[in-house]
């Protein structure tokens with residue numbers, strides 16, 4: 001079994017108003033060194049695959065077909081092997 | 001020709017399906033029936049309406065799950081064959097997710113749900129959805145959405161403009177397209193677009209909520225009138241309008 005940890009974020013070219021609002025909050029707390037806040041989604045999938053490579057292919061396919069909309073979003077992921085007890 | 005057959009797709013979470021059915025069926029006397037999203041076939045239908053609402057609770061992204069409903073396969077086939085498809089609000093979002101219209105609808109730039117009357121300018125009145133309007137006419141129609149901020153890449157937008165596929169733009173009462181008349185941050189104040197072949201329209205404003213004179217606004221009726229006239233060839237006369245007013 002493999003665990004895919006997926007991050008979906010708005011594409012860099014798209015203004016992220018939610019990130020901007022949170023950035024204002026961070027600044028009003030006094031953290032002036034923080035900039036460019038981007039908000040996204042974190043998604044986990046358990047994938048029953050025979051190899052890590054296969055799990056990665058499935059994850060990529062799911063991201064492209066459903067989890068991210070390529071018009072406005074980018075995605076990245078890491079796949080970890082889960083040891084069965 | 002007899003009555004125009006409207007098929008209104010009902011997703012779990014649709015909430016403007018009855019309003020659309022009321023306008024097309026009860027008010028205009030056409031045949032307007034509901035089609036549950038689990039159906040695999042549209043049946044004998046002239047016009048498909050994807051209504052407003054929150055299909056699947058807007059989970060993941062607005063319209064992202066609804067596009068995989070069984071009925072959507074036949075909606076795509078119907079659209080590819082040139083069938084008339086109208087997507088209102090959430091229906092517009094479903095159409096972009098399904099790839100029947102280009103671009104995407106992002107979170108409103110204000111981050112707020114916007115529910116109010118807006119003015120939209122008719123940019124192209126030579127379509128099957130706007131033939132009862134005149135070019136540059138300003139329609140007053142309500143919006144009610146949290147994700148109506150139209151976005152597409154530069155090439156896509158250029159194509160939309162070059163092919164006259166931008167049908168409605170947010171504007172002032174006088175018809176000026178200004179930043180302050182844009183309720184959601186949409187690119188170029190875009191409120192509604194059509195596909196290249198001209199048979200699929202998506203718009204964020206709700207024409208079905210501005211059709212019955214009892215509700216005070218009737219501009220939305222023109223979009224329904226345009227569609228029906230396209231099939232029947234009969235224009236709505238002042239006589240029938242006064243009859244409708246009862």
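Laboratory data are not the source of any read-out in this text; all were calculated from the coordinates shown. Fair warning: this is a prediction, and the values are worked out from it, not measured in the lab. We place every Cβ from the backbone using ideal geometry, glycine too, and count neighbours over all the protein chains shown.
Remind me, relative contact order of chain A in percent, using alpha carbon pairs under 8 angstrom and six or more residues apart? It would help to have the intermediate numbers written out before the result.
Details: 120 pairs, mean separation 43.7, N = 85.
51 percent.
Classify the stretch B:114-171 as rounded, prolate or oblate, taking a ≥ b ≥ c as the square roots of the eigenvalues of its Cα gyration tensor: rounded when a/c is under 1.5, otherwise prolate if a/b is larger than b/c and oblate if not. Please report the intermediate quantities before stating the final value.
Values: a/c = 2.49, a/b = 1.07, b/c = 2.32.
Note, shape of the stretch B:114-171 comes out oblate.
Return the Rg/Rh ratio of the stretch B:52-114 with Cα-based radii and a Kirkwood Rh.
Numbers: Rg = 12.1 Å, Rh = 12.2 Å.
Reported Rg/Rh, Kirkwood definition of Rh: 0.99.
From the square roots a ≥ b ≥ c of the eigenvalues of the alpha-carbon gyration tensor of the stretch B:5-244, which class results: rounded (a/c under 1.5), prolate (a/b over b/c), or oblate?
The shape class here is rounded.
First obtain the Kirkwood hydrodynamic radius of the stretch A:2-81 from its Cα pairs, then insert it into the Stokes-Einstein equation at 25 °C and 0.890 mPa s, and state the resulting D in µm² per second as a whole number. Write down the numbers at each step before the final one.
Numbers: Rh = 14.1 Å.
Result for D is 174 µm²/s.
Note down the relative contact order for chain B as a percent, whole number, built from C-alpha pairs under 8 angstrom at least six residues apart. Intermediate values should be presented prior to the final figure.
Values: 559 pairs, mean separation 45.9, N = 246.
Answer for chain B is 19 percent.
Only helical DSSP H runs with n ≥ 4 go in: add -39500 (n - 2.57) per run for the protein assembly as shown, normalise by residue count and round the 222 nm mean residue ellipticity to 500 deg cm²/dmol. All intermediate terms of the calculation are to be shown ahead of the outcome.
Details: 8 runs with 74 residues, N = 331.
So the calculated ellipticity at 222 nm is -6500 deg cm²/dmol.
What whole-number distance in Å separates the alpha-carbon centres of the stretch B:25-71 and the stretch A:44-69?
30
Which whole-percent values make up P(r) of the stretch B:1-148 when all C-alpha to C-alpha distances are grouped in 10 Å steps starting at zero?
Pairs per bin, as whole percents: 11, 38, 39, 11, 0.
Work out the mean other chain Cβ neighbour count within 10 Å for the residues of A:65-72 and drop it here as an integer. Don't skip to the answer; put the middle values down first.
Values: counts 1, 7, 3, 3, 9, 1, 12, 11.
For this peptide, the per-residue mean of nearby foreign Cβ atoms is 6.
Sort A:2-13, A:21-32, A:38-49, B:47-58 by the packing proxy (mean of other Cβ within 10 Å over each peptide's residues), most packed first. Don't skip to the answer; put the middle values down first.
On the way: A:2-13: 16.8, A:21-32: 11.5, A:38-49: 14.2, B:47-58: 23.8.
With the highest mean Cβ count within 10 Å placed first, the list reads B:47-58, A:2-13, A:38-49, A:21-32.
In whole angstrom, note down how far apart the Cα centers of the stretch B:156-173 and the stretch B:96-140 are.
Going from one Cα centre to the other spans 9 Å.
Let me know the whole percent of all Cα-Cα pairs from the protein assembly as shown that are separated by more than 33 Å.
Here the tail beyond 33 Å accounts for 31 percent of pairs.
Within 10 Å of each Cβ in peptide B:98-108, how many partner chain Cβ atoms are there on average? Round it to a whole number, please. Mind showing how you got there, number by number?
Details: counts 0, 1, 0, 0, 1, 2, 6, 3, 9, 7, 1.
The mean count of partner-chain Cβ atoms within 10 Å per residue comes to 3.
Which percent of Cα-Cα pairs in the stretch B:154-237 sits in each 10 Å bin, short to long?
Once binned at 10 Å, the Cα pair distances of the stretch B:154-237 give 16, 39, 35, 10, 0.
Where is the GNM fluctuation largest for chain B (alpha-carbon springs, 10 angstrom cutoff): B:142, B:213, B:102?
Maximum fluctuation in the GNM of chain B, among the listed residues, is at B:213.
Sticking to Cα atoms, compute the Rg of the stretch B:84-129 to one decimal and its Dmax as the biggest Cα-Cα distance, whole number, in Å.
For the stretch B:84-129, the Cα radius of gyration and maximum Cα-Cα distance read 12.8, 35 Å.
Would you order B:170, B:59 from fewest to most other beta-carbon atoms within 10 Å of each residue's own beta-carbon?
On the way: B:170 27, B:59 12.
Lowest to highest Cβ neighbour count: B:59, B:170.
Comparing B:157, B:23, B:200, which has the greatest mean-square fluctuation in the GNM of chain B with Cα pairs linked when under 10 Å apart?
Residue with maximal mean-square fluctuation among B:157, B:23, B:200: B:157.
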